[in-house]
1. Please identify the pairs in which a residue from region 238-252 that is in a loop (DSSP other than H, G, I, E, B) and of a type in the set (D, E, K, R) has its Cβ atom under 8 Å from the Cβ atom of a residue that is modelled with pLDDT of 90 or more and surrounded by 18 or more Cβ atoms within 10 Å (Cβ to Cβ), counting only partners at least 6 apart or on another chain.
2. Being touching a strand residue (DSSP E or B) at 6+ places or on another chain (Cβ under 7 Å) and not hydrophobic (A, V, I, L, M, F, W, C) is the filter here, so list the residues in region 117-131 that pass it.
3. Taking strands (runs of 3 or more DSSP E) that do not extend beyond region 310-428, which have at least 2 residues that are under 30 Å from Asn30 (Cα atoms) and among the hydrophobic types (A, V, I, L, M, F, W, C)?
4. Looking at the structure I just gave you, is Leu103 crowded, with 20+ Cβ neighbours inside 10 Å and modelled with pLDDT of 95 or more?
5. What's the number of the only condition in (1) modelled with pLDDT of 95 or more; (2) part of a helix (DSSP H, G or I); (3) small (Gly, Ala, Ser) that Gly23 fails to meet?
Amino acid sequence: MDPTESHPLRFRHVVAMPWPGRGHINPMMNLCKRLVLRDPNLTVTFVVTEEWLGLIGSDPKPDRIHFATLPNLIPSELVRANDFIGFVNAVHATLEDPLEQLLDRLDSPPPTAIIADTYVLWAVRVGERRNIPVASLWTMSATILSLFLHSDLLISHGHALFQPSESKEEEIVDYIPGLPPTKLRDLPPLFKDYQVFKKCELCFDELRRAKCLLFTTAYDLEPAAIDFLTAKLDIPVYATGPLIPFEKLSEGSQPDYIRWLDEQPECSVLYVSQGSFLSVSEAQMDEIVAGVKESGVRFLWVARGGESTLNKAFEGSSGVVVSWCDQLRVLRHVAVGGFWSHCGFNSTLEGMYSGVPMLAFPLFWDQILNGKMIVEDWRVGIRIERRKKAEVLIGRDEVEEVVKRLMDRESEDGKEMRRRACDLSEICRGAVEEKKETETCKKGNWKLSTSFGRKTLYHDLLLAENNRRDKIVKAYYIRAWRWGKQPSPVTVSDNINAKIALQLENFVRSNVSKTQSMKYLLLLNSCPTRPSS
């Protein structure tokens, strides 16, 4: 039975299935918050393991987002980094049946759509068995997805080595669509672990059968990659980001670390966070601690699980060590002038949104390419050069030097880096504001949801917004196609008057009213392609 036949469009129920990891759960939750805030008739069931419910269950969220749990059949979050491929295999092998059983119990109303992390291998086939459309959420950069989808080009160019030789590390990879010219050493080791690579390939095969692909990035941050993927994939592509928690910051809550920041000079504090998944060796941490301390720079350091040890090591220094903090709130604080980052994509987006220069210290997988993009492509950071061998430490003197460079606001490099950071912050903030504005659909600022329904006319997206200065409506584009056919784009001029915009709106509304099998209205505002100027 069609899950929407007994429940008309006024009842919409989305099941969100993130990959069980902090860097995947957070953007999925941010997307779900955005959806329920703009659609009063939407309910979300957010699926996590019992362990993860204990970790995030008390976090604030809208009332129409409800948690549902799967049993703890996979390795604990506390140890998953010890055997990454074992963790991946466990997720793929053990959680599909529990999700099926959970879906059997969700019937008030039944699910009308599933949003699943791209790495949840079996999500699309679960949806197909139940006649429920599935959207795939990609939580890494669009650029690295293009790289993954072109592994055959790496092989044909002799760049798919399990461990790149020193003679090839400096070779430039300039043949991957959407990827700026990049040294081989700055690409993630796709083929180093063959099992992981093959698992990724299976996920990408499933991706092509999803109803649409959602990115957490903003279009203007990665236009080349998104344009290419939009043309390459046979499914709609949306840049929904930056998917960050952009709700109004709490004014009543003032934790100790915020009060400490309030007392520091503008742009004087280095915020240090190495993420929640991997960590460096004890010997390397000793060098980092010594270098930061010797730099004399004020710092706020997040040390998950090692707060007491670091507090002792930093005794007498001009910094604060905490076990947790509201990262976006810290980055947006006027006292913060630099961000030591592991270059996870969520942290990268938050750093750019906040306009804070970054010290790139990637550890794993996509972080390596993110670090290169931060430094060379976006030009908003400094990189600590990665060592060819893990046992070769980055010394305290080098750490001290790069920290001082990052925090130097008077040098020409420092000024240019901060100018670029401000520019990218404007891009990110503009994308977020654009999405906020579409949540309050007022006269003259209309919107149309997208559908990933089946069997009938598709309307990919029609987005228009008011220009706040002259009230001219800007319609970015409209694409419409019949099920089973390739999209036929129609580009709309960037400056059209309200009358033309109204005609477009009426055209789309009239077609939507004839559509009886729309499954779910999603993402009112994210267009993967802007009209040519």
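The values are calculated or read from the model by the stated rules, or taken from the named source; none is laboratory data. Here the structure is a predicted model, which means the values were calculated and not measured. For neighbour counting, all protein chains shown are included, and Cβ atoms are generated from backbone atoms with ideal geometry for every residue, glycine included.
1. Taking only residues 6 or more apart or on different chains, the pairs are Glu247/Lys33.
2. Selection gives Asp117, Thr118, Gly127.
3. So the answer is 319-322, 336-341, 358-360.
4. Considered against the rule, which asks whether it is crowded, with 20+ Cβ neighbours inside 10 Å and modelled with pLDDT of 95 or more, Leu103 comes out as yes.
5. Of (1) modelled with pLDDT of 95 or more; (2) part of a helix (DSSP H, G or I); (3) small (Gly, Ala, Ser), only one is false for Gly23: (1).
Yes/no matrix, rows are residues, columns are (1) under 25 Å from Val280 (Cα atoms); (2) not aromatic (Phe, Trp, Tyr):
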| position | (1), (2) |
| --- | --- |
| Gly54 | no, yes |
| Asp59 | no, yes |
| Phe67 | no, no |
| Leu73 | no, yes |
| Asp83 | yes, yes |
| Ala93 | no, yes |
| Asp97 | no, yes |
